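Visitor: Following this message is one structure expressed as structure tokens.
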Amino acid sequence: MKTVTLPCGEHVPAFGQGTWYMGDDRATRTEEIAALRLGLDLGLTLIDTAEMYGDGRAEQLVAEATAGRRDEVFLVSKVLPNHATRRGTVAACEKSLKRLKTDRIDLYLLHWRGNVPFAETMEALLALQSAGKIRHYGVSNLDFADMQELWAVAGGATVATNQLLYNLTRRGIEWDLLPWLRERRIPVMAYSPLEQARLVKNPQLAAFARRLGMTPAQAALAWLLANDDVIVIPKCGRRERLQENFGALHRSLTAPQLAELDRLFPPPTGPRPLEML
Ligand code: NAP
């Protein structure tokens, strides 16, 4: 499995599994669990979830999918901004641990910036880390200016990641945020790497992929996987599609192919406000 190195030196899979909307529909639940388990078998052992997803239902589904296999998994979950006070963060984490049926979360993220000062959330994350309830902490959806503010706060400079919307059609972070994170060796977790399946139907990407004998999903993921410091977390609730997406790990793109994708999906030419879904 290709890995990405966290700032502390730990290696995590570069290809993980997203879980937004998993557990929401009883009709698809069994297949979603089977897809997550197949992912574990294939080495996609990083699982991304959040207290927000289905009001905790996704975390419960993850507990079921990882039952008996906890030590194989690098578990990522997130605290909602309105819970991210000193006491609220700890309480939210305890609830997530219960739903996840585990004693620790490997990486715990602030889901996006709310009204609680960073200093308060960081204090809670540091306390959770000291107590062994989380191993690493990080942030999500923080823009360039937010990251600089966070950096000045106790614990802010030791975040393990910034999880961001990043795919061929959402390249704004390449202007300033991604280079800034790179300088500090903080990997990005690219969420919605398939643009919530819209990229799979993109005619230009489909034509590009067809010529190379891949599927559009594989091309979209291979483009992100061409980076050494980007973790992709596509959500896939069907085993057949998961196998297809997994194939992206074996389809590295050449420099001319990457240049062609730059022409089809141009990088930013100036600063853009951070996009999020
Ligand atoms: P995504 O991974 O870009 O796309 C997921 C959609 O694509 C699902 O509808 C899935 O359907 C479909 N899909 C997957 N593989 C496919 C394939 N080979 N062919 C056709 N369709 C395919 O979008 P996402 O779920 O928004 O993002 C991924 C994960 O990132 C989330 O699940 C979540 O864990 C995380 N996330 C974080 C934030 C944040 O604010 N931090 C925001 C959004 C997402 P099936 O499941 O039916 O296969």
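Please treat every number below as a calculation from the coordinates, not as lab data. Please read all numbers here as calculations on a predicted model, not as lab measurements. As a convention, Cβ positions derive from the backbone with ideal geometry for all residues, glycine included, and neighbour counts pool all protein chains shown.
Visitor: Suppose R0 equals 22 Å. What FRET efficiency, 1/(1 + (r/R0)^6) with r the Cβ-Cβ distance, do GLU149 and ARG263 give to the nearest 0.05?
Guide: It comes out at approximately 0.05.
Visitor: Also, I was wondering about something else. Compute the whole-percent fraction of alpha carbon pairs in the chain spaced more than 37 Å apart. Walk me through the numbers on the way to the answer.
Guide: Details: 3545 of 38226 pairs.
Tail of P(r) above 37 Å: 9 percent of Cα pairs.
Visitor: Continuing with this model, one more query. What percent antiparallel are the DSSP beta bridges of the chain, to the nearest 5?
Guide: Numbers: 4 of 29 bridges.
So the antiparallel bridges amount to about 15 percent of the total.
Visitor: Arrange the peptides 22-32, 42-52 so that the one whose residues have, on average, the most other Cβ atoms within 10 Å appears first. Intermediate results must be reported in sequence, preceding the final value.
Guide: Details: 22-32: 15.6, 42-52: 22.5.
Per-residue mean Cβ counts within 10 Å order the peptides as 42-52, 22-32.
Visitor: Under 13 Å Cα-Cα from LYS101, which aspartates and glutamates qualify once same-chain neighbours fewer than 8 residues away are excluded?
Guide: Cα-Cα hits under 13 Å: GLU59, GLU64, ASP71.
Visitor: Sticking with this one: Please give the calculated 222 nm ellipticity per residue for the chain, where each DSSP H segment of at least 4 residues contributes -39500 (n - 2.57) and the sum is spread over every residue; nearest 500 deg cm²/dmol? Before the final figure, lay out the partial values.
Guide: Values: 10 runs with 107 residues, N = 277.
Helix-only estimate at 222 nm: -11500 deg cm²/dmol.
Visitor: Also, I was wondering about something else. Given R₀ = 22 Å, what would the calculated FRET efficiency be for ASP41 paired with GLU64, taking r from the Cβ atoms and rounding to 0.05? Let's see the in-between values first.
Guide: Numbers: r = 16 Å, r/R0 = 0.72.
Efficiency computed from Cβ-Cβ geometry: 0.90.
Visitor: Beyond a 29 Å Cα-Cα separation, which of these cross-linked pairs lie in this structure: LYS133/LYS235; LYS98/LYS235; LYS2/LYS78; LYS2/LYS201; LYS2/LYS98?
Guide: Values: LYS133/LYS235 26 Å; LYS98/LYS235 23 Å; LYS2/LYS78 24 Å; LYS2/LYS201 27 Å; LYS2/LYS98 31 Å.
With Cα atoms farther than 29 Å apart: LYS2/LYS98.
Visitor: Mind putting a number on the dipole of region 102-179 about its Cα centre? Charges go on the C-beta only, +1 for Lys and Arg and -1 for Asp and Glu, and I need it in Debye to the nearest 20.
Guide: Values: 6 positive and 9 negative charges, 50 e Å.
Charge dipole, region 102-179, about its Cα centre: 240 debye, nearest 20.
Visitor: Using the Cα centre of region 1-67 as the reference point, and only Cβ charges (+1 on K/R, -1 on D/E), how large is the resulting charge dipole? Debye, rounded to the nearest 20. Intermediate results must be reported in sequence, preceding the final value.
Guide: On the way: 5 positive and 11 negative charges, 41 e Å.
Result for region 1-67 is approximately 200 debye, rounded to the nearest 20.
Visitor: Ok, one more. Restricting to Cα pairs below 8 Å that are 6+ residues apart, what does the relative contact order work out to for the chain? Please round to a whole percent.
Guide: Details: 514 pairs, mean separation 54.2, N = 277.
Reported relative contact order: 20 percent.
Visitor: Still on this structure: Taking the Cα centre of the chain as origin, work out the dipole magnitude from +1 charges on Lys and Arg Cβ and -1 charges on Asp and Glu Cβ, in debye rounded to 20.
Guide: On the way: 34 positive and 32 negative charges, 100 e Å.
I would put it at about 480 debye.
Visitor: Using 1/(1 + (r/R0)^6) with R0 = 25 angstrom and r between the beta carbons of LEU126 and ASP103, what's the FRET efficiency to the nearest 0.05? Intermediate results must be reported in sequence, preceding the final value.
Guide: Values: r = 18 Å, r/R0 = 0.74.
Computed FRET efficiency for LEU126 and ASP103 comes out at 0.85.
Visitor: For region 159-262, with the dipole built from +1 on Lys and Arg beta-carbon atoms and -1 on Asp and Glu ones, taken about the Cα centre, which of THR169, TRP223, PRO234 lies farthest toward the positive end?
Guide: It is PRO234.
Visitor: Please state the shape class of region 1-115: rounded when a/c is under 1.5, otherwise prolate if a/b exceeds b/c and oblate if not, all from the C-alpha gyration tensor. If you can, show how the numbers build up before the last one.
Guide: Details: a/c = 1.83, a/b = 1.17, b/c = 1.57.
Oblate shape, in that a/c is at least 1.5 and b/c is the bigger or equal ratio.
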